Amino acid sequence: MTMTSGEAIALALGSNRSLHWRNPTVTTVLMLTLDHLTKRYGTLTALDDISLTIKPGEFFGLLGPNGAGKSTLMSLVAGLRAPEAGRITLNGKPLSVAEASSRAGLGLVPQSVALYPELSADQNLRIFGELYGLHGTLLKTRIDEALVAVQLADRRHDQVKTFSGGMQRRLNLVAALLHRPKLLLCDEPTVGIDPQSRNAIFDFLEARAREGLTVIYSTHYMEEATRLCSRIAIIDHGRILALGTLDELLAQLPFEEEIRFPAREETLALAAQLPAWGEFITADGVHRFRPRADCKLSEFFALTESLGLPPRLFTSQRPTLEALFLHLTGRNLRE
Amino acid sequence: MRIILTLLRKDFSHVLRDKAALSLTFIVPLVLIYVFGQIFGANRTDSGPTGIPLAVVNASGNPAAAQLVDALKAEKSFRVLTKYVNSDQTERPLTEADLRPMMRGNDFRFALVIPADLVRETEFGLHLKILSNPRNEVETQLINGLLQKTIFSNVPQLLGQSLQAQARRYIGASRLEKFNRSMAENVARNFGGDPERIFSDIQKGQWNLGSSVGSAGGGTTDFFSRVVRIEQEQVIGKEVKSPMATRSVGGWAMQFLLFALTASAASLFYEKQQGLFQRLLSSPVTRAHILWSKFLYGVCLGLVQLVVLFVAGRFMFGIEVEHHLGLLVLVCGFAAAACTSFGMLLAAISPSPEAARGLGTMLILTMSAIGGAWFPISIMPELMQHLSKLTLVYWSMEGFQQVLWANATLGELCPTLGILAAMTAATMALALWCFNRGKLFD
Ligand SMILES: Nc1ncnc2c1ncn2[C@@H]1O[C@H](COP(=O)(O)OP(=O)(O)OP(=O)(O)O)[C@@H](O)[C@H]1O
Ligand SMILES: [Mg+2]
């Protein structure tokens with residue numbers, strides 16, 4: 001295998017000799033590549049031939065419902081599990097489960113809170129920092145910064161088990177950032193966090209991303225993916241269904257507008273006619289209608305009036321990732 | 001190493017944070033050694049059981065029979081019952097007819113009947129009857145042994161009477177007298193004493209010739225013990241102040257340690273449930289780091305607990321730890337390492353903490369029994385005695401005994417420590433192998 005100069009530099013990332021990856025000369029270097037990854041648990045295929053390239057500085061979203069394979073993908077990248085097929089390279093260097101040093105530039109925020117509940121926030125951070133070789137005043141300042149960032153500075157000496165669920169999640173997040181990883185794997189980090197704290201976390205992560213952190217962020221909230229992620233992969237049943245920037249993804253939806261109305265007795269007659277006018281899907285007791293481009297909305301509303309249906313039954317929406325997921329799978333994202 | 005030390009410090013912060021766990025770490029060995037000590041009477045310098053009820057019915061008028069009863073009464077292992085208490089609180093001597101119902105009523109489990117025909121005219125020998133309810137094998141053997149010992153030390157006199165009676169029947173009184181006289185002269189010539197007194201003793205069947213045979217010890221030295229002289233010498237452990245406790249403390253310690261360290265190894269499951277392995281293993285930490293840090297923690301914990309245990313043993317039962325402190329700590333370290341590796345293997349092969357606990361309890365009890373923590377290995381079948389040497393309990397106890405009982409030097413201790421180290425290494429290797437394949441880190 002030949003290596004470009006960019007790859008060679010990228011290879012050195014994480015070591016002291018390395019150039020910072022935001023150095024303009026290395027911005028085109030591929031940071032993380034997943035190459036035909038397959039992961040099975042017994043007979044269940046959790047990841048099915050996944051190929052992805054994540055570029056430095058990217059805020060990459062993994063959007064998918066429960067059991068889609070998001071956490072599995074994270075665990076492979078974090079070196080917790082080995083794939084049955086395919087390989088992962090980080091800065092051109094194969095990532096192996098056995099090699100601990102290859103994980104030094106990596107931070108994982110596990111989906112479940114992974115902290116020592118008996119120990120204080122301070123002690124927890126100290127341990128995780130030390131495992132990455134931090135010590136002394138550097139470690140102390142990093143811990144101070146982290147606790148301030150997630151508004152836990154005043155609780156630093158309390159045992160983690162006395163924290164609320166949301167506080168634990170906030171600590172769980174910053175515990176993965178003490179060593180300033182180059183790549184952060186966030187596995188649904190905001191579950192159970194109140195809106196203010198969630199926004200604080202988003203701001204915090206966005207700030208880190210602006211400083212150059214590469215993030216892989218898994219979620220089943222399309223709002224989070226929409227707000228945070230520069231590129232998004234929609235995955236389901238271990239496969240990537242769609243991949244691109246938000247605009248690229250939404251462009252895959254054939255319609256600009258979507259009209260929704262409740263699936264009821266009185267709307268039956270309308271529902272029977274609409275498939276001829278465009279795409280028509282029913283889910284969760286709601287009809288969704290996306291008129292073909294040549295279809296005139298005026299004709300649609302004329303029809304509803306003739307059927308005696310009041311306008312308040314109808315809502316029209318901008319296309320969303322949720323709609324895209326529905327379009328791709330025929331299911332809702334949070335089924 | 002830095003990573004292992006960080007993880008090790010984490011375990012210590014953990015136990016320091018957890019006041020309950022911390023105090024248990026110290027209190028449990030203290031309570032344990034106290035309770036065990038009381039159960040086994042470790043404060044006594046002599047050994048053996050005391051106060052076992054023994055009913056004695058003496059239907060014989062023979063003075064030697066009364067002497068036997070007195071001897072049994074003097075034996076501290078027995079509490080001799082000779083009286084039957086009526087419902088009006090008056091007492092009468094026990095009769096043989098009382099014994100069986102009383103044994104059924106669990107008043108006692110052993111009874112000795114000295115029948116009227118203790119020494120029979122018609123045959124040579126003595127007639128005694130022992131009734132027992134052998135509910136407990138060890139106890140029964142022990143009691144029978146004690147009874148036999150007490151009876152046999154009183155038998156010469158009775159046998160002498162029986163012998164004289166038989167001789168008189170077969171060879172006639174005058175010829176017996178002649179025989180006895182020549183015996184007496186022989187005895188007097190060889191052992192000293194007045195031939196007339198010896199003759200009259202023999203005539204009465206008194207072979208307890210101590211008083212008539214001139215000797216410095218006087219009446220207490222009996223004739224037979226001069227004929228067969230057994231010299232006893234305790235070669236090892238003579239200077240040990242608290243033999244009972246010193247002998248058994250190793251066994252208690254091992255059992256306790258195995259339970260404590262298995263529990264500590266099972267805390268790996270707890271960390272797994274907390275999802276902590278995900279965080280640790282996604283950092284530069286490897287599985288081996290986690291396991292070795294747990295191992296070191298177990299060894300430190302075990303060492304501290306053993307030292308607490310022995311120091312408590314020092315103050316409660318006078319086990320002399322201070323003379324051998326260095327070597328004792330060394331053995332403690334090796335024993336703790338062996339126990340920890342056992343706990344790690346257990347955690348490695350168990351699918352869940354519950355399974356580890358169940359399997360652990362079973363293995364620990366088996367190993368303690370086979371290894372000799374409960375009863376002496378010498379009473380086990382031979383196969384078991386060989387199996388015993390495969391357990392870490394055996395070798396750890398051996399180490400403790402060598403230090404505390406036999407005053408062993410470091411050189412003498414080396415083979416035992418070597419075996420413990422080899423066991424630890426083999427067990428850890430197996431544990432690591434299992435961990436790398438097992439589900440614990442999945
Ligand atoms: N340790 C495991 N053993 C067996 N099957 C597993 C294991 N972990 C995950 N799976 C299965 O693999 C599939 C993908 O699971 P994964 O946890 O990756 O999904 P996810 O996208 O993270 O879901 P969620 O949003 O619920 O976290 C699921 O069908 C799950 O049942
Ligand atoms: Mg998940």
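Note on the stretch B:253-289: residues that are farther than 19 Å from A:Met74 by Cβ, open to solvent by less than 30 Å² (accessible area, probe 1.4 Å) and within 14 Å of chain A (Cβ to nearest Cβ) amount to 2. For the stretch A:312-335, filtered to residues that are open to solvent by 70 Å² or more (accessible area, probe 1.4 Å) and at pLDDT 80 or above, the residue that is farthest from the chain's Cα centre (by Cα) is A:Arg312. Taken together, the criteria place A:Leu80 among residues that are touching a helix residue (DSSP H, G or I) at 6+ places or on another chain (Cβ under 9 Å), within 16 Å of ligand 1 (Cβ to nearest atom), closer than 27 Å to A:Phe204 by Cβ and hydrophobic (A, V, I, L, M, F, W, C).
Is there a residue being more than 24 Å from A:Gly165 (Cα to Cα) and within 16 Å of ligand 2 (Cβ to nearest atom) anywhere in the stretch A:86-97? No, because not a single residue in the stretch A:86-97 is more than 24 Å from A:Gly165 (Cα to Cα) and within 16 Å of ligand 2 (Cβ to nearest atom). Just to be sure before I move on: is B:Glu271 modelled with pLDDT of 80 or more and in the same structural domain as B:His324 (by TED's automatic domain parsing) in the structure I sent? Yes; evaluated as a whole, the condition is true for this residue. Checked against the criterion of being within 28 Å of B:Ile39 (Cβ to Cβ), in the same structural domain as B:Val393 (by TED's automatic domain parsing) and of a type outside the set (Ser, Thr, Tyr), the candidates B:Ala337, B:Ala263 yield just one match: B:Ala263. Restricting the search to helices (runs of 4 or more DSSP H) fully inside the stretch B:325-442 and requiring at least 2 residues that are surrounded by 18 or more Cβ atoms within 10 Å (Cβ to Cβ), aliphatic (A, V, I, L, M) and without any contact (Cβ under 8 Å) to a residue 40 or more places away in the chain gives an empty result. Taken over the stretch B:172-182, the residue count meeting the criterion of being open to solvent by less than 50 Å² (accessible area, probe 1.4 Å) and part of a helix (DSSP H, G or I) is 2. Identify all residues within the stretch A:53-73 that are within 16 Å of ligand 1 (Cβ to nearest atom) and not in a loop (DSSP other than H, G, I, E, B); write none if there are none. If the condition is that a residue be within 16 Å of ligand 1 (Cβ to nearest atom) and not in a loop (DSSP other than H, G, I, E, B), then A:Phe60, A:Gly61, A:Leu62, A:Leu63, A:Lys70, A:Ser71, A:Thr72, A:Leu73 are the ones that fit. For the stretch A:217-263, which positions are among the small types (Gly, Ala, Ser) and away from ligand 2 (no atom under 16 Å from the Cβ)? The answer is A:Ser230, A:Ala242, A:Gly244, A:Ala251, A:Ala263. Could you please find all residues in the stretch A:83-102 being in contact with a helix residue (DSSP H, G or I) (Cβ under 7 Å, 6 or more places away or on another chain) and within 16 Å of ligand 1 (Cβ to nearest atom)? Once the filter is applied, which keeps residues that are in contact with a helix residue (DSSP H, G or I) (Cβ under 7 Å, 6 or more places away or on another chain) and within 16 Å of ligand 1 (Cβ to nearest atom), the stretch A:83-102 yields A:Pro83, A:Ile88. Cβ-Cβ contacts under 6 Å between residues 6 or more apart (or on different chains), taken from a first residue in the stretch A:168-194 that is within 16 Å of ligand 1 (Cβ to nearest atom) to a second residue that is of a type in the set (S, T, N, Q), are listed as A:Asp187/A:Ser71; A:Asp187/A:Gln111; A:Asp187/A:Ser218; A:Glu188/A:Gln111; A:Glu188/A:Ser218; A:Glu188/A:Thr219. Considering only the stretch A:60-68, I want to know if a residue exists there that is in contact with a helix residue (DSSP H, G or I) (Cβ under 8 Å, 6 or more places away or on another chain), of a type outside the set (S, T, N, Q) and away from ligand 2 (no atom under 16 Å from the Cβ). Scanning the stretch A:60-68, I find no residue that is in contact with a helix residue (DSSP H, G or I) (Cβ under 8 Å, 6 or more places away or on another chain), of a type outside the set (S, T, N, Q) and away from ligand 2 (no atom under 16 Å from the Cβ), so the answer is no. Scanning the stretch B:294-318 for residues that are crowded, with 21+ Cβ neighbours inside 10 Å and farther than 19 Å from B:Ile27 by Cα gives B:Lys294, B:Phe295.
The criterion of at least 1 residues that are among the small types (Gly, Ala, Ser) and open to solvent by less than 40 Å² (accessible area, probe 1.4 Å) is met by the following strands (runs of 3 or more DSSP E) wholly inside the stretch A:205-299: A:214-219, A:231-236, A:239-244, A:278-283.
The values are calculated or read from the model by the stated rules, or taken from the named source; none is laboratory data. Bear in mind that the values here come from a model prediction, so they are computed numbers and not experimental data. In this analysis, Cβ positions are derived from the backbone assuming ideal geometry, glycine residues included, and neighbour counts consider all displayed protein chains. Areas reflect the complete protein model, heavy atoms only, side chains present, ligands, DNA and RNA absent. Shrake-Rupley method; radii C 1.70, N 1.55, O 1.52, S 1.80 Å.
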